[in-house]
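The values are calculated or read from the model by the stated rules, or taken from the named source; none is laboratory data. On a predicted model such as this, the values are computed, not experimentally measured, just so you know. Note that we place each Cβ from the backbone using ideal geometry, even for glycine, and neighbour counts take in every protein chain shown. Heads up: the accessible areas ignore ligands, DNA and RNA and are worked out on the full protein's heavy atoms, side chains in. Shrake-Rupley method; radii C 1.70, N 1.55, O 1.52, S 1.80 Å.
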Amino acid sequence: MSAVIGSSISRKDGYLKVTGQARYAADHPIESVAHAVAICSTIAHGRVTSIDSSEAEGAPGFLAVLHHGNAPQLFRPVNNFMTSSKPGEIRVVFEDDKVHYYGQYLAVLVAETLQQAQFAASLVKITYESAPPVMETDKAMDTVFDPAEFFGEKLAVKRGDAESALRSAEVKHEAEYFTPTEHHNPMEPCASIASWDGDELTLLETTQWVVGARNTVAETLGTAAEKVHIVSPFIGGGFGCKGFVWPHSVLSAIASKQVGRPIKLNLTRKQMFSGCGRRSETRQKISLGAQSTGKLTAIVHDTLVQTSTFDEFTESCGGINRFLYSCPHVSIAHHSVRVNIVTPTPMRAPGENPGLFAMESAMDELAYKLAIDPVELRVINHSDKNEHSNLPWSSKYLKDCYHLAAEKFGWAKRNPKPRSMRDGKYLVGWGMATATYPGMRSPGAAKVRILQDGSAVVSSATQDMGGGTYTTMAQLVSDVTGIPMERILPELGDSYMPPAPVSGGSMTTASVLPAVRQAATGALKKIVKAAIADKKSPFHGKKEDELVAANGGVFQKGSTPESGISYARVLAATNQASVEGESFAQPGKEREKYAFQSWGAQFVEVKVDPEIAKVTVSRVVSAFDVGRIINRKTAQSQAHSGIIMGVGMALMEHTVYDNRDGGIITSNLADYAVPVNADIHSIDVHFIDKPDPYIDPEIGARGVGEITVTGVAPAIANAIYHATGRRIRELPITPDKLL
Ligand code: MOS
């Protein structure tokens with residue numbers, strides 16, 4: 001591969017973003033657009049007895065109001081994430097008069113201006129028959145059930161006999177861990193601009209999955225997928241809340257149809273806390289049994305989470321313990337209760353992230369009991385294969401991650417005794433944890449066009465929510481063709497383009513880039529053919545395998561590119577405006593032969609002010625094995641974002657509900673704190689950068705997005721224990737828990 005792969009390349013879309021020219025969903029100027037406001041439930045349980053819009057209808061600028069009493073019929077879409085579409089909730093908006101949670105959409109009102117819509121919406125009177133909501137896990141235990149699956153993987157796992165292995169273990173650790181409800185809070189709230197042209201709908205959206213949004217919206221409206229066009233060129237963060245399709249997209253579509261004009265619907269920050277999922281709180285019991293040597297003999301991981309009263313999504317915390325460490329006796333169970341809160345949804349590393357908080361805290365506690373260094377304990381229990389599927393790893397450099405991060409961090413200088421390290425008045429703590437996330441890959445397609453001027457266009461209906469997809473797509477084309485980066489135009493985020501999977505599960509790079517590579521190769525083949533066919537070409541009549549197309553030109557095998565003719569010249573001579581390669585790439589049999597998993601190590605330094613119990617994460621050093629790095633700069637940027645999100649999870653993030661009426665107390669960014677610049681200090685990220693030989697034959701990249709947040713929260717909790725001697729098993733670790 002050429003030097004364009006793996007180097008640090010600034011984002012193709014960076015200039016547009018920093019100059020404010022990148023148009024996010026709500027930014028598009030649309031002629032004669034009307035404004036919609038969603039009206040949400042102010043109770044969490046019960047039913048609507050009346051919606052009186054008479055006063056609103058007389059308000060200035062009023063255009064329409066839709067609710068379950070007058071909305072067009074909608075249909076429950078196919079609910080299959082792996083193939084076609086997935087609504088955030090299986091219940092269709094306005095399906096009936098029932099209220100399942102606070103913030104549920106009850107009506108949508110349209111007016112000429114946003115202010116007029118907000119005012120008219122305030123005049124709509126909704127009356128309810130309300131029942132006390134069930135908000136807390138403890139109060140919902142009568143609804144407990146064991147969910148069967150998480151995206152096709154069985155949630156209950158038993159290997160060996162964990163209970164008896166635990167009883168006879170030389171050393172044991174048992175504890176319960178808690179993580180709170182969290183919300184994604186991307187900087188860009190969900191937004192949708194709908195417009196109809198006859199029976200064809202265009203939605204300017206902010207979505208992690210343009211193809212899925214097309215299918216889900218079409219099915220919900222009862223129309224064909226070809227009639228729906230989704231456009232989402234820029235995404236201001238998603239973290240999972242824009243992965244499935246939430247009701248606002250359909251609301252804007254039916255509102256636009258009703259008024260016969262384009263309409264714009266933005267979610268408020270408050271509505272982001274009820275309109276597009278959440279991460280459930282988790283209660284996790286972990287029991288570990290080990291020999292005095294540190295070798296794990298038993299792992300029991302029992303998880304209790306919440307789902308909504310009418311749908312199922314399980315935060316699958318125990319999934320990691322199928323294979324994280326080598327252990328003969330494993331027992332994993334998941335339980336779920338039904339509460340009057342919006343259905344949970346994936347949030348950056350669903351399952352792995354809270355699961356690793358519990359497990360990697362537990363491993364630290366076990367390390368102290370055994371008096372074994374926490375890194376050493378993890379090396380002792382390294383899994384050389386996936387003991388759940390019994391498959392070899394496609395590639396695994398976890399030991400290198402521990403070694404590299406430990407060395408860069410200076411771990412060898414650590415005194416393991418709690419409260420033993422100080423910096424002036426501050427207590428200093430060093431902690432670490434393992435990071436892991438699956439190496440997913442799905443089918444994807446792409447198209448590459450080489451134009452007569454020697455430039456290229458690459459397109460795929462994928463998304464760039466910050467991971468750098470625009471840039472990495474162009475890099476692959478540049479690598480194959482030799483066309484310089486600045487002469488390659490990447491296009492994405494449009495459902496008319498060749499289909500690609502959801503940008504979730506950290507699979508965009510592994511799924512889309514192989515298709516881009518093949519499409520570029522296909523376009524070059526056509527140029528070679530043209531050079532052979534051209535009577536005036538020096539290569540006229542040659543065989544295809546005698547020629548090479550690379551580095552910007554066609555030339556004789558064994559010769560240099562300078563001796564050949566440029567793509568532009570071939571196309572001009574043969575009078576072609578462009579040549580096009582299109583490719584559909586999908587994972588093959590290797591998925592049955594190998595287990596694909598990314599790995600990493602997070603090392604953290606905290607400084608704790610003993611007077612006010614304030615924790616500062618002064619240093620993070622991380623190393624990740626995510627296969628080949630395509631773009632060092634965007635990969636590091638993704639890792640920084642994940643680590644920063646992990647700091648928020650460890651110290652700040654916590655959605656608080658009012659258990660009397662189901663209201664959300666922290667429904668703004670003042671009360672739902674996330675890290676700001678002042679909270680973030682040194683972050684030092686390293687990549688092993690060894691290609692995964694099986695995820696695809698040539699590129700070998702497994703994706704960077706989600707693994708980088710995993711392991712951060714437990715590394716911080718472990719560092720806090722080391723600093724203070726206080727073991728906090730409940731996130732977020734706010735000063736009140738440390739005082
Ligand atoms: Mo990610 S939570 O799969 O968008």
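Here are the numbers for the structure shown:
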{"quantity": "Neighbours by Cβ (under 7 Å, 6+ apart or cross-chain): first from segment 206-217, in contact (Cβ under 8 Å) with a residue 40 or more places away in the chain; second among the basic types (Lys, Arg) and open to solvent by 10 Å² or more (accessible area, probe 1.4 Å)", "calculated": "Gly212/Lys86; Thr216/Lys86"}
{"quantity": "Subset of segment 690-733 [of a type in the set (S, T, N, Q) and either farther than 28 Å from Lys417 by Cβ or in contact with a Leu (Cβ under 7 Å, 6 or more places away or on another chain) (or both)]", "calculated": "Thr708, Thr710, Thr724"}
{"quantity": "Within segment 209-225, considering residues that are over 30 Å from Asn668 (Cβ atoms) and of a type in the set (S, T, N, Q), the one nearest to the ligand (Cβ to nearest atom)", "calculated": "Asn215"}
{"quantity": "Matching entry among Phe273, Phe310 (being away from the ligand (no atom under 16 Å from the Cβ), among the aromatic types (Phe, Trp, Tyr) and under 23 Å from Ala349 (Cα atoms))", "calculated": "Phe273"}
{"quantity": "Selected residue (criterion: surrounded by the most Cβ atoms within 10 Å (Cβ to Cβ)) from residues of segment 87-143 that are of a type in the set (Lys, Arg) and assigned to a strand (DSSP E or B)", "calculated": "Lys98"}
{"quantity": "Odd one out for Val330 among (1) away from the ligand (no atom under 16 Å from the Cβ); (2) hydrophobic (A, V, I, L, M, F, W, C); (3) under 30 Å from Gly88 (Cβ atoms)", "calculated": "(3)"}
{"quantity": "Extreme residue, nearest to the ligand (Cβ to nearest atom), among residues of segment 149-208 that are closer than 26 Å to Gly646 by Cα and open to solvent by 70 Å² or more (accessible area, probe 1.4 Å)", "calculated": "Phe151"}
{"quantity": "Conditions (1) more than 16 Å from the ligand (Cβ to nearest atom); (2) in contact with a helix residue (DSSP H, G or I) (Cβ under 7 Å, 6 or more places away or on another chain): number failed by Tyr672", "calculated": "(2)"}
{"quantity": "Contacts under 7 angstrom Cβ, first residue in segment 120-142 being touching a residue at least 12 places away in the same chain (Cβ under 8 Å), partner of a type in the set (Phe, Trp, Tyr) and open to solvent by 20 Å² or more (accessible area, probe 1.4 Å), 6 or more apart", "calculated": "Ala120/Phe62; Met135/Tyr657"}
{"quantity": "Complete set of residues in segment 565-582 that are in contact (Cβ under 8 Å) with a residue 24 or more places away in the chain and open to solvent by 10 Å² or more (accessible area, probe 1.4 Å)", "calculated": "Ile565, Ser566, Ala568, Ala572, Ala573, Thr574, Gln576, Ala577, Ser578, Glu580, Glu582"}
{"quantity": "Residue within segment 386-403 that is of a type in the set (Asp, Glu) and in contact with a helix residue (DSSP H, G or I) (Cβ under 8 Å, 6 or more places away or on another chain) present", "calculated": "yes"}
{"quantity": "Residue check, Leu63 in a strand (DSSP E or B) and either within 27 Å of the chain's Cα centre (by Cα) or in contact (Cβ under 8 Å) with a residue 24 or more places away in the chain (or both)", "calculated": "yes"}
{"quantity": "Flag if Pro247 is closer than 19 Å to Ser274 by Cβ, away from the ligand (no atom under 14 Å from the Cβ) and open to solvent by 20 Å² or more (accessible area, probe 1.4 Å)", "calculated": "yes"}
{"quantity": "Residues satisfying the stated conditions in segment 24-81, i.e. within 20 Å of Arg214 (Cα to Cα) and of a type in the set (Gly, Ala, Ser)", "calculated": "Ala25, Ala26"}
{"quantity": "In segment 275-303, the residues that are in a loop (DSSP other than H, G, I, E, B) and open to solvent by 10 Å² or more (accessible area, probe 1.4 Å)", "calculated": "Glu281, Gln291, Ser292, Thr293, Lys295"}
{"quantity": "All positions within segment 330-354 that are polar (S, T, N, Q) and under 24 Å from the mean Cα position of the chain (by Cα)", "calculated": "Ser336, Thr343, Thr345, Asn353"}
{"quantity": "Positions within segment 669-688 being touching a residue at least 60 places away in the same chain (Cβ under 8 Å) and either outside any loop (DSSP other than H, G, I, E, B) or open to solvent by less than 50 Å² (accessible area, probe 1.4 Å) (or both), in sequence order", "calculated": "Tyr672, Asp679, Ile680, Ser682, Ile683, Asp684, Val685, His686, Phe687, Ile688"}
{"quantity": "Subset tally (residues that are crowded, with 24+ Cβ neighbours inside 10 Å and over 30 Å from Thr42 (Cα atoms)) for segment 328-353", "calculated": "7"}
{"quantity": "Options Ala713, Ala701, Ala717: the member that is modelled with pLDDT of 95 or more, buried (at least 19 other Cβ atoms within 10 Å of the Cβ) and within 16 Å of the ligand (Cβ to nearest atom)", "calculated": "Ala713"}
{"quantity": "Considering residues of segment 362-390 that are open to solvent by 40 Å² or more (accessible area, probe 1.4 Å) and not in a loop (DSSP other than H, G, I, E, B) only, the residue farthest from Asp692 (Cα to Cα)", "calculated": "Lys369"}
{"quantity": "Contacts under 8 angstrom Cβ, first residue in segment 391-414 being within 29 Å of Glu590 (Cβ to Cβ) and at pLDDT 95 or above, partner open to solvent by 20 Å² or more (accessible area, probe 1.4 Å) and hydroxyl-bearing (Ser, Thr, Tyr), 6 or more apart", "calculated": "Leu391/Tyr594; Pro392/Tyr594; Trp393/Tyr594; Ser394/Tyr594; Ser394/Tyr694; Ser395/Tyr694"}
{"quantity": "Residue match in segment 608-629 (condition: open to solvent by 10 Å² or more (accessible area, probe 1.4 Å) and closer than 29 Å to Pro697 by Cα)", "calculated": "yes"}
{"quantity": "Yes/no for Pro587 being open to solvent by 20 Å² or more (accessible area, probe 1.4 Å) and touching a helix residue (DSSP H, G or I) at 6+ places or on another chain (Cβ under 9 Å)", "calculated": "yes"}
{"quantity": "Any hit, segment 191-201, residues being at pLDDT 95 or above, touching a helix residue (DSSP H, G or I) at 6+ places or on another chain (Cβ under 6 Å), within 16 Å of Gly277 (Cα to Cα) and of a type outside the set (Ser, Thr, Tyr)", "calculated": "yes"}
{"quantity": "Test: residue in segment 260-267 that is charged (D, E, K, R), open to solvent by 10 Å² or more (accessible area, probe 1.4 Å), more than 18 Å from Met465 (Cα to Cα) and touching a His at 6+ places or on another chain (Cβ under 6 Å)", "calculated": "yes"}
{"quantity": "Segment 353-366 - residue that is more than 10 Å from the ligand (Cβ to nearest atom) and touching an Asp or Glu at 6+ places or on another chain (Cβ under 9 Å) and, of those, nearest to Gly88 (Cα to Cα)", "calculated": "Pro354"}
